[in-house]
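**Student:** Just passing along the structure, written as structure tokens.
The values are calculated or read from the model by the stated rules, or taken from the named source; none is laboratory data. Computed from a predicted model, the values in this text were never measured in an experiment. Glycine also receives a Cβ, built like all others from the backbone with ideal geometry; neighbour counts cover every protein chain displayed. Each accessible area value is taken on the protein alone, full model and side chains, heavy atoms only, with ligands, DNA and RNA left out. Shrake-Rupley method; radii C 1.70, N 1.55, O 1.52, S 1.80 Å.
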Amino acid sequence: KVERLGGVLAERIAAGGYPPALARSTPRRRAAWYRDYIETLVQRDVRDLARIASLDVLPRLLALAASQTARLINISDLASPFQLSRPTIRDYVTLLERVFVLEELPPWHSNRLSRLVKTPKLHIGDTGLACALLNLDAAALMQDRSTLGQLLETFVFQELRRQASWHQDEIRFHHYRDRDGTEVDLVMERGA
């Protein structure tokens with residue numbers, strides 16, 4: 001029974017949450033919709049927001065970011081495959097956040113707890129998009145437990161964010177990690 005749930009969950013993660021993608025009849029058509037979506041986003045929306053010399057970097061950066069979802073953000077790691085500076089890659093990540101394709105999850109901390117890691121986590125905006133960028137379907141996810149774990153964390157974060165948007169009080173999301181290895185993937189705070 002657990003294997004069956006794992007398969008259904010992997011299918012749900014690979015499908016993502018964009019209604020137009022979910023309306024496609026097969027996983028291959030959903031993946032094609034996501035790839036077309038990225039192409040349109042880069043060519044139209046990003047071009048309108050910023051003057052970027054080489055737009056071809058953004059889809060590759062986004063694919064790299066998809067492989068890093070649910071991990072602490074490391075701009076140096078994201079910049080290393082490209083012949084661009086870390087500040088430029090940082091600007092590109094910020095731009096991709098503005099078009100709701102990436103999101104940084106801030107760390108939870110207080111000043112009195114100095115042993116906490118204060119680096120944000122990077123999450124891709126949709127797991128279906130991540131799977132399309134990484135050329136993964138549900139069967140491939142079931143074989144790659146590490147990637148499945150990352151995408152499951154992102155999937156849960158996305159679903160909770162959607163639910164929180166309906167809540168009367170503001171709900172803020174964080175992650176928690178200390179230098180001793182204790183980690184909480186998601187911390188939710190309600191109200192002021």
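**Student:** Using the Kyte-Doolittle scale, find the helices of the chain whose mean hydropathy is at least -1.0 and whose Cα atoms extend 27 Å or more along the helix's long axis, counting only whole DSSP H runs.
**Tutor:** 145-164
**Student:** How big is the gap, in Å, between the Cα center of the range 22-98 and the Cα center of the range 124-163?
**Tutor:** Result: 16 Å between the Cα centres.
**Student:** Could you tally the net charge around ALA65, taking each other residue with its Cβ under 13 Å from the Cβ of ALA65, Lys/Arg +1 and Asp/Glu -1?
**Tutor:** -1
**Student:** While we're looking at this one, here's another question. Given springs between every Cα pair under 10 Å in a Gaussian network model of the chain, which of ARG172, ARG30, ARG44 has the largest fluctuation?
**Tutor:** In the Gaussian network model the winner is ARG44.
**Student:** Taking the mean number of other Cβ atoms within 10 Å as a proxy for protection, how do you rank 119-129, 85-95 from highest to lowest?
**Tutor:** With the highest mean Cβ count within 10 Å placed first, the list reads 119-129, 85-95.
**Student:** Might you tell me the accessible area per residue for the range 3-142, computed with a 1.4 Å probe and given in Å²?
**Tutor:** 54
**Student:** Report the extension gain between SER146 and ALA164 in nm, rounded to one decimal, defined as 0.36 nm multiplied by the number of residues separating them, less their alpha carbon distance.
**Tutor:** 3.8 nm
**Student:** How would you order 70-77, 148-155 from highest to lowest mean count of nearby Cβ atoms within 10 Å?
**Tutor:** 148-155, 70-77
**Student:** If the elastic network links every pair of Cα atoms under 10 Å, which of LEU84, LEU102, LEU116 fluctuates the most in the Gaussian network model of the chain?
**Tutor:** LEU84
**Student:** For the chain, set up a Gaussian network in which alpha carbons nearer than 10 Å are linked by springs, and say which option among ALA65, ALA23, ALA138 fluctuates the most.
**Tutor:** Looking only at ALA65, ALA23, ALA138, the biggest GNM fluctuation is shown by ALA23.
**Student:** Also, quick follow-up: Could you list the chymotrypsin sites (Phe, Trp or Tyr not before Pro) in the range 159-192 that lie in coil according to DSSP, counting only those with at most 14 other Cβ atoms within 10 Å of their Cβ?
**Tutor:** When the chymotrypsin sites (Phe, Trp or Tyr not before Pro) of the range 159-192 are filtered for loop state and at most 14 Cβ neighbours within 10 Å, TRP166 remain.
**Student:** Can you give me the % of accessible surface on the chain that is carbon or sulfur? Probe 1.4 Å, all protein chains present, nothing else counted.
**Tutor:** Roughly 50 percent of what the probe reaches on the chain is carbon or sulfur.
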